[in-house]
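Contents: one structure, followed by commentary.
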Amino acid sequence: MQLEYYNLLSSAGLVTMPGQHWLERFTANKLLGILLSTLLLSLGAPFWYCRLQDLLRLRSAIAQKDEAQRNTRQTTQTTEETAQAPAADPMVAMSGEQSDSAAVG
């Protein structure tokens, strides 16, 4: 069962299984990927730990900014609503409409 799974992944081009013809499938893109991975891994755990902390701080800073903007919008909306004139009588607004009592709709 496991061999069938590996063959399926290999035929889809997702996994390259080692074999006697591995050098034929080795391309410059794979070499570039190996070099890039080696470079990033060589930076070490402390580097990546600091980058992760920076991302978390950035996330919290953005969340605080969004919360402040949301509060500002809500505050300005409530003050604008109270500053508006009282709503007109709904019957007055409808008085301009023309209707045909014989129309069915």
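Structure above, values below:
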quantity	calculated
Test: residue in region 69-84 that is within 30 Å of residue 2 (Cα to Cα) and either surrounded by 10 or more Cβ atoms within 10 Å (Cβ to Cβ) or at pLDDT 70 or above (or both)	no
Tally of residues being exposed (fewer than 10 other Cβ atoms within 10 Å of the Cβ) and in a helix (DSSP H, G or I) across region 25-35	2
Any chance residue 16 is surrounded by 10 or more Cβ atoms within 10 Å (Cβ to Cβ) and modelled with pLDDT under 90	yes
Matching residues, region 22-72, being among the polar types (S, T, N, Q), over 25 Å from the mean Cα position of the chain (by Cα) and farther than 30 Å from residue 11 by Cα	42
Test result for residue 65, modelled with pLDDT under 90 and of a type in the set (Lys, Arg)	no
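Residue-by-condition table, conditions (1) touching a Lys or Arg at 6+ places or on another chain (Cβ under 8 Å); (2) of a type in the set (Ser, Thr, Tyr); (3) touching a residue at least 24 places away in the same chain (Cβ under 8 Å); (4) part of a loop (DSSP other than H, G, I, E, B):
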position	(1), (2), (3), (4)
4	no, no, no, no
8	no, no, no, no
14	no, no, no, yes
19	no, no, no, yes
37	no, yes, no, no
40	no, no, no, no
51	no, no, no, no
54	no, no, no, no
57	no, no, no, no
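The values are calculated or read from the model by the stated rules, or taken from the named source; none is laboratory data. Here the structure is a predicted model, which means the values were calculated and not measured. When we count neighbours, we look across all protein chains shown, and the Cβ atoms used for this are built from the backbone with ideal geometry, even at glycine.
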